[in-house]
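Here's the structure, in structure tokens; my notes come after.
Nothing in this text is a laboratory measurement; each read-out follows from the coordinates by a stated rule. Computed from a prediction, not measured in an experiment: that's the story for all the values here. Ideal geometry is used to build each Cβ from the backbone, glycine not excepted, and the neighbour counts take in all protein chains shown.
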Amino acid sequence: MSEEFDDLPDVSLPAHSPRDAAPAASSGAADVSVVIARAYVSADPRLKARMLECLTRPLGVLSLLGVGAGAFAQVLMLRVGSGSLSALDIGARFTSEQIVELVRFVEQVSPQALHQCLALLPFLR
């Protein structure tokens, strides 16, 4: 029994090298995420809470559970209004790596939220 696609010529794809991906990895998005993460780590608790609220506002439940290996699921408790944790308490729990991942995700979902977060930073005013 012959296959429908037996007569088609073989098409080989060009080889992909790690060098080809280097410009994408060093794009402006990575720089912005690192800047925001550094600002977050050194910010006072109130600014951390405002930045976190700004960055997580456009995200849904699944996004909050998926970004940062579920680290931002705690934000759901604030949205529901459980009252057991405050934004100030939650804001102090995230690492710079988790914030970098969050910022990179938010840039894809809602660039406006990223711009709003940048506007909160005092050294960029």
Taking the simple approach of a point 7 Å from Cα along Cα-to-Cβ for both A69 and D44, what is their distance in nm? 3.3
Rounded FRET efficiency, nearest 0.05, which uses the C-beta distance separating L62 from Q112 and R0 of 30 Å: 0.90
Vicinal HN-Hα couplings computed from phi for segment 48-65 (Karplus, 6.51 cos²θ - 1.76 cosθ + 1.60; Hz; Gly/Pro x): 4, 4, 5, 5, 4, 5, 5, 6, 8, 3, x, 8, x, 4, 5, 5, 5, 6
